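S.K.: Pasting a structure here, questions to come.
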Number of protein chains: 4
Amino acid sequence: MKRGFASDNNAGVHPAILAAMVRANSGHTRGYGDDDYTREAEGAVKAHFGESCHPFFVFNGTGGNVIGLQTLLRSYEAVICSENSHIHVDECGAPERFTGCKLLTVPTPDGKLTPELVERHMHGFGDVHHVQPKVISITQATEVGTVYTVPEIRALADYAHGHGCYLYMDGARFANAAASLGASLREISVDAGIDVLTFGGTKNGLMFGEALLVFHEELAKSAPYLRKQAMQLASKMRFLSTQFTAILENDLWLQSARHANGMAKLLGDQVRQIPGVTVTQDVQANAVFAVLPAEAIETLQSEFSFYTWEATRNEVRWVCSFDTTEDDVAEFVAAIRRALAS
Amino acid sequence: MKRGFASDNNAGVHPAILAAMVRANSGHTRGYGDDDYTREAEGAVKAHFGESCHPFFVFNGTGGNVIGLQTLLRSYEAVICSENSHIHVDECGAPERFTGCKLLTVPTPDGKLTPELVERHMHGFGDVHHVQPKVISITQATEVGTVYTVPEIRALADYAHGHGCYLYMDGARFANAAASLGASLREISVDAGIDVLTFGGTKNGLMFGEALLVFHEELAKSAPYLRKQAMQLASKMRFLSTQFTAILENDLWLQSARHANGMAKLLGDQVRQIPGVTVTQDVQANAVFAVLPAEAIETLQSEFSFYTWEATRNEVRWVCSFDTTEDDVAEFVAAIRRALAS
Amino acid sequence: MKRGFASDNNAGVHPAILAAMVRANSGHTRGYGDDDYTREAEGAVKAHFGESCHPFFVFNGTGGNVIGLQTLLRSYEAVICSENSHIHVDECGAPERFTGCKLLTVPTPDGKLTPELVERHMHGFGDVHHVQPKVISITQATEVGTVYTVPEIRALADYAHGHGCYLYMDGARFANAAASLGASLREISVDAGIDVLTFGGTKNGLMFGEALLVFHEELAKSAPYLRKQAMQLASKMRFLSTQFTAILENDLWLQSARHANGMAKLLGDQVRQIPGVTVTQDVQANAVFAVLPAEAIETLQSEFSFYTWEATRNEVRWVCSFDTTEDDVAEFVAAIRRALAS
Amino acid sequence: MKRGFASDNNAGVHPAILAAMVRANSGHTRGYGDDDYTREAEGAVKAHFGESCHPFFVFNGTGGNVIGLQTLLRSYEAVICSENSHIHVDECGAPERFTGCKLLTVPTPDGKLTPELVERHMHGFGDVHHVQPKVISITQATEVGTVYTVPEIRALADYAHGHGCYLYMDGARFANAAASLGASLREISVDAGIDVLTFGGTKNGLMFGEALLVFHEELAKSAPYLRKQAMQLASKMRFLSTQFTAILENDLWLQSARHANGMAKLLGDQVRQIPGVTVTQDVQANAVFAVLPAEAIETLQSEFSFYTWEATRNEVRWVCSFDTTEDDVAEFVAAIRRALAS
């Protein structure tokens, strides 16, 4: 299939990662993570995120989110998140189903929560009729391709902690955010006050896999059991964990994310110049959100794969991957021009 | 690490499967199973199991079991299973946690349920204080390496259906069972009356992945949502599904299973001749269960990887894989002889 | 304690109901509802709601809502409800916790859903990433004291059923609604298209107890088990069920509801004439919502018991009960006048 | 209905308790337990159980058990209980459904767990595949009418605490046990090492209601939310709580329990002398278990209400209540003699 702009999970596996997986296919190892490949990967994670981090490799993002939230919550507590957050919109209710908790949502202009936006749900403490706010959950980069800055994260962390709450980060595109900010992985997570993070791998070029990182020893104690119980413990773990070694060594994560971001920037810059196209969000990570006429969308989708984000206002989402090329962008931009012209 | 006898999941990936995965890493595809690799794999599954089968590829066995059971159960219903069944003993309570249901257990001499053994839990129908028996769950091959024959499965299916219940099969080592019986995959599942099956891949040489097969159209309707909600839907699905194509084409599943079974047979035959070793279960699939002196176990475990199955009676489990060699067996048997002699 | 206006559950038990309970305390009966008192009560319910109704007496409103919703839902389905609905705001997350389902909320001006308001959540059908809309839940009378008319209910029922969904009604103050509309109990429930109803007793003068009514035989089959599993099955059931006989015979339910509504009407009419008080919702049932100065609220609450509904806009709620008297209203109105004057 | 021997919940309400409920029906009070009746009842509970106890009144025994266990457990932990325990057999799976946890069962000769019997499940600590044993749950008096002595409770408490576990007590017939032992309520609960207790009221003559007692301040913090979320928070709480005041004042609990025990003792002593009747358990509380011919059971059940306990061995259960009279016993014994004679 032609490379499109539907999602960074439509891309395959980065060759260097696949090579690492092939290399790991050598002889026997103990299962479930008690192997040298996994220990090496855990070491690589700690080298980036610091010794206070407790890494747990899981199959996918929904799994990471559910387990991560579960380490922080009892069933009568609640999660505050953006109205368009992945945990609310795209996980078929898995968070409620498996934590038992309510998600309290907030509309946002740009996908980003702020203490001011969160405030409306920070009440009812001590009232048994109300769920008890306990976790603020943010997505980095956000579902609309924007990126929280370090001060923005810090402000939310301070606000959460000041209210006896935790700050959780769904980092499905965490690498893209770090690349965008020019920051290290730990600067925008544990150092900024994040309590639990899912560090996404799949959208960064892995075949599958996310790393759930718990930054508190006490909270981390439940994670191994929750991971198993949540059906997220791989038996042949080495093939999952070695992928993280591959992206963390030599900063492959950064190269891939920077490249994808760059392609999105290029695409955004070029489509902004096309009459009839309105870019609706700052292009800070690897996605471009734009409004264009319905007919043009239809024409384009017959040739390129991408999603309509919000049908009611003809808004589409174009996502770039580690393997998107300048030629891909140029070809796509030309097609957009043609679609708009006709 | 040296090839041991701890588990068939300590082996890596069969080269032919890995090759298929590498081949699938070509260009973009749609995510979550809407791709040609997955359609091909679904076709391969149906070619083996018949058109009435609805296949859903999932990450792992616990995931397959939980979703499979969930398609059949409401929260006040119950599962009857063997006391040493994987769903009861080895899944950290995931079935109860995610179906809400109680597991009613039965001791068995050889890991196999029979209508007579199940009978003790088949009561309380219509009594709201009691959970309502709804699913009989069997494991094929069983946790102790024995294999249900077709008439045995049929008897349980008829018994279950006669009581308004379903027959579920945890087929983590389903290929080994089919190879053992010399039967086709459908003869020992849908044709024998199984309602829902998890057809295991990981222990048959896959990197990861099981195929949940629902043999009723109506019951299958919930499975796509349950799979997503249970965090078992892979975004880059092609790398999961193409593995099933690889094992189902050219009967790779059969070669691998037959080989592993054969190695276990060889091992069982040889250790039976060693004084001080008692083989405790018929070797019908790819595992040997044996009792030997505690000191010999300790000596052997310092050199070979394997698990103590039941410490109180010095019973161990030795599992063979697709990659176990006759030399591995010979070397191990020699070591057992040495350990017993000393 | 002085009779206040905090809630209709601050009142005690209507003397006729208490008398019935005392009468029921005679000799032994079988437990859990297998007794003549309960059969009599079930008959009384069917006499009012029709033979298609399957009644299940439960301890409280949250219990009724949770079980009622559970009869209609699988865990990946969703409930659409008003943003201020009791199931969303006042049940400590019990619906999510016990159904596993997501609640999708809608802001409303007057507490009432309409097909137009519900529309925004009626999408994603067939998309496994999205929860599947399945139940529209409305409260009658609403949490802000308004009442759905029969055509309004019918419109929602038709809309729900047209989308393969159900219409659930939380009838904590169902009697007040019927009294307000001058309609029979069945006209505004089963005859208007309601699929499952919780017919509230506690706020109508019972000591405790609600009647969950399922209007479909097939759906009703799970209710007895769900009731037991949800810890809502009373062992000495006669003391619960006989209360329903008491209110359904001689239309005690109607007298009590009509009286409470009348007192609220009186209160609303009188406070509307007080400068500085704005009544914010139509007084259609037994509650008055009003905005008045913060200082006046504080003064009044030192003497009378009532709740601030929405602190940010100084809105309060005043609820009348079966035992509120004209003198109570007059005394309270006089106090409001004094508080406003000072 | 004639007073039978089916269950102590077939009896009605003790007149003194009903009188207290009638007295409480005076004027308005705040809802949900924020009232003087409830504070008085909490004081009465503390007077008996000590200041370390945190009481939470709930509707019924299943509710008390579920919430009590939930205060102690995370979803991957397990409860060890007797094979015939109420939480395992008679609650329609509510414990699994609402705690998410597995129940590990043990056969017992007399309904009583011992450290030796529990031992078989005390393994797998730290193994993520296994549920983690966390609570030992015992019933006092047991389901077969026997009573744990103080040293027996203490031994289990020490054993549990020594393994990092808790000791939970389902005290549905706790009053009967205390009466049997001639001990105070606290001597056989908190002073013997119990961590959480459900102190049963319904079977001791209440209309409805149990008191969940948490003996650790930290653990008690979740209970108010869990009670609400588990649908066990009564709005007109005074009518529940005042019943506990009634039984705790003037030791009504003890009189009722002692009387019921005495009637069971009388019944047991007399039926032991009837040829063809075998009493199968020590009569230590208010129940008699006996084996007698199937035809005799049938004859008797046509006249008296009681349950067959274990049909396969013709074992029946006869329970006495606070209102069982010597005449009731004499009449029943005479009927048994007649049934055996024919």
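The values are calculated or read from the model by the stated rules, or taken from the named source; none is laboratory data. On a predicted model such as this, the values are computed, not experimentally measured, just so you know. Here the Cβ positions follow ideal geometry from the backbone for every residue, glycine too, while neighbour counts run over all protein chains shown. Surface areas here come from the heavy atoms of the whole protein model, side chains and all, with no ligands, DNA or RNA. Shrake-Rupley method; radii C 1.70, N 1.55, O 1.52, S 1.80 Å.
S.K.: When only the heavy atoms of the protein chains count and the probe is 1.4 Å, how do D:Lys203, D:Lys102 rank by accessible area, highest first?
M.R.: I get D:Lys203, D:Lys102, largest accessible area first.
S.K.: Determine the shape class of the stretch C:72-151: with a ≥ b ≥ c the square roots of the Cα gyration tensor eigenvalues, call it rounded for a/c under 1.5, and otherwise prolate if a/b is greater than b/c, oblate otherwise.
M.R.: Oblate shape, in that a/c is at least 1.5 and b/c is the bigger or equal ratio.
S.K.: Each residue of the stretch B:22-32 in order: what ³J(HN,Hα) in whole Hz does its phi give by Karplus 6.51 cos²θ - 1.76 cosθ + 1.60, θ = phi - 60°, with x for Gly and Pro?
M.R.: Residue by residue, the stretch B:22-32 yields 5, 4, 6, 7, 9, x, 9, 9, 5, x, 6 Hz.
S.K.: Also: With every protein chain kept in place and ligands, DNA and RNA left out, what is the accessible area per residue of chain A? Probe 1.4 Å, answer in Å².
M.R.: Counting only protein heavy atoms, the per-residue value for chain A is 32 Å².
S.K.: The stretch C:110-157: which residues show an accessible-area loss of 50 Å² or more, assembly versus chain alone, 1.4 Å probe?
M.R.: Buried by the other chains: C:Val128, C:His129.
S.K.: Here is a further query. Name the residue from B:Pro107, B:Gly27, B:His88 whose Cα lies farthest towards the positive end of the charge dipole of the stretch B:14-250, charges +1 on Cβ of Lys and Arg and -1 on Cβ of Asp and Glu.
M.R.: Comparing the listed Cα positions along the dipole, B:Gly27 ranks first.
S.K.: Okay, moving on. If amide hydrogens are placed 1.01 Å from N in the peptide plane, which non-local residues have theirs closer than 5 Å to the one on B:Glu77?
M.R.: Amide H neighbours of B:Glu77, under 5 Å, 5+ apart: B:Gln132.
S.K.: Hey, what do the phi angles of the stretch D:34-43 turn into as Karplus ³J(HN,Hα) couplings, whole Hz, using 6.51/-1.76/1.60 and θ = phi - 60°, x for Gly and Pro?
M.R.: Per residue, the Karplus-derived 3J(HN,Hα) values read 8, 9, 5, 4, 6, 5, 5, 5, 4, x Hz.
S.K.: Rounded to whole Å, give me the distance from the Cα center of the stretch D:247-290 to that of the stretch D:132-164.
M.R.: 23
S.K.: Here's something else I'd like to know. Taking all protein chains together and a probe of 1.4 Å, list B:Lys112, D:Lys2 from the most accessible to the least accessible.
M.R.: Result, largest first: D:Lys2, B:Lys112.
S.K.: Still on this structure, I have one more. For B:Lys2, which lysines qualify as cross-link partners when the Cα separation must be under 19 Å and same-chain residues fewer than eight apart are set aside?
M.R.: Output for B:Lys2: A:Lys236, B:Lys203.
S.K.: OK, next. With heavy atoms of protein chains only and a 1.4 Å probe, what residues of the stretch D:1-24 have at least 50 Å² less accessible area in the full set of chains than alone?
M.R.: Going by heavy-atom accessible area, the residues of the stretch D:1-24 that drop by at least 50 Å² are D:Met1, D:Asn9, D:Asn10, D:Leu18.
S.K.: Cβ neighbours within 10 Å, averaged per peptide: list C:71-78, D:138-145, D:82-89 in order, most packed at the top.
M.R.: Descending packing order for the listed peptides: D:138-145, C:71-78, D:82-89.
S.K.: Now for a different question. For the stretch A:202-260, which chymotrypsin sites (Phe, Trp or Tyr not before Pro) are both in a DSSP coil and crowded by at most 13 other Cβ atoms within 10 Å?
M.R.: Sparse-neighbourhood loop chymotrypsin sites (Phe, Trp or Tyr not before Pro): none present.
S.K.: Between copies, how far does the label point of A:Asp127 sit from its twins, in nm, shortest first, when each point is 7 Å from Cα along Cα→Cβ?
M.R.: Listed shortest first, these distances are 3.3, 4.4, 4.8 nm.
S.K.: Still on this structure: Between B:Gly164 and the same site in the other copies, what are the distances in nm, shortest first, taking label points 7 Å from Cα along the C-beta direction?
M.R.: For B:Gly164, the other copies' label points sit at 2.7, 4.4, 4.8 nm, shortest first.
S.K.: Compute the label-point distances linking B:Ser342 to its equivalents in the other copies; points lie 7 Å from Cα along Cα→Cβ; give nm, one decimal, shortest first.
M.R.: Relative to the other copies, B:Ser342 has label-point distances of 7.7, 7.9, 9.4 nm.
S.K.: Let me ask you something else. The stretch D:293-342 to the stretch A:318-335: how many Å between their Cα centroids?
M.R.: 84
S.K.: Where the only charges are on Cβ atoms (+1 Lys, Arg; -1 Asp, Glu), what is the dipole of the stretch C:126-197 about its Cα centre, to the nearest 20 debye?
M.R.: 100
S.K.: Taking the rotation axis that maps chain D onto chain B, which residue of D brings its Cβ closest to that axis, and at what distance in whole Å?
M.R.: D:Glu96, 2
S.K.: When the solvent-accessible surface of protein heavy atoms is calculated with a 1.4 angstrom probe, in what order do C:Asp127, B:Asp282, C:Asp8 fall, highest first?
M.R.: Listed by decreasing accessible area, they come as B:Asp282, C:Asp127, C:Asp8.
S.K.: For B:Gln281, which sequence-distant residues (separation of 5 or more, or a different chain) have an amide H within less than 5 Å of its own amide H, given hydrogens modelled in the peptide plane?
M.R.: B:Phe289
S.K.: With all protein chains present, how much of the accessible area of the stretch A:252-341 (probe radius 1.4 Å) comes from carbon and sulfur, to the nearest whole percent?
M.R.: Carbon and sulfur together cover 48 percent of it.
S.K.: Kindly identify residues of the stretch A:34-68 having a loss of at least 20 Å² in accessible area between the isolated chain and the assembly of all protein chains, probe radius 1.4 Å.
M.R.: At a threshold of 20 Å² (probe 1.4 Å), the residues of the stretch A:34-68 that become less exposed are A:Phe59, A:Asn60, A:Thr62.
S.K.: Using a probe radius of 1.4 Å on protein heavy atoms only, what is the accessible area buried between chains A and B, both sides summed, to the nearest 100 Å²?
M.R.: 4600
S.K.: Given H placed 1.01 Å from N in the peptide plane, which residues other than close sequence neighbours of A:Leu212 have an amide H under 5 Å from its amide H?
M.R.: A:Phe56, A:Phe57, A:Val58, A:Phe199
S.K.: Mind running the shape call on chain C? Use the C-alpha gyration tensor, a ≥ b ≥ c as the square roots of the eigenvalues: rounded below 1.5 for a/c, prolate if a/b tops b/c, oblate otherwise.
M.R.: oblate
S.K.: Quick one: Cα centre-to-centre distance for the stretch B:1-75 and the stretch D:38-110, in angstrom?
M.R.: If we compute the Cα centre of each part, the gap is 41 Å.
S.K.: Now a separate question. Would you mind putting D:174-181, A:12-19 in packing order, based on average other-beta-carbon counts within 10 Å, highest first?
M.R.: Peptide ranking by packing, descending: D:174-181, A:12-19.
S.K.: May I pose another question? In whole percent, and with a 1.4 Å probe on the protein chains, what portion of the accessible area of the stretch D:1-107 is carbon and sulfur?
M.R.: The nonpolar share, carbon plus sulfur, comes to 49 percent.
S.K.: Right, another one. Sorting check: for D:195-201, A:62-68, B:259-265, which peptide has the highest mean count of neighbouring beta carbons within 10 Å, and how do the rest follow?
M.R.: Taking the mean over residues of other Cβ atoms within 10 Å, the ranking is A:62-68, D:195-201, B:259-265.
S.K.: What ³J(HN,Hα) values, in whole Hz, does the Karplus curve 6.51 cos²θ - 1.76 cosθ + 1.60 give for the stretch C:186-198 when θ = phi - 60°, with x put for Gly and Pro?
M.R.: So the Karplus estimates, Gly and Pro as x, are 7, 4, 9, 10, 4, 5, 8, x, 5, 8, 9, 10, 9 Hz.
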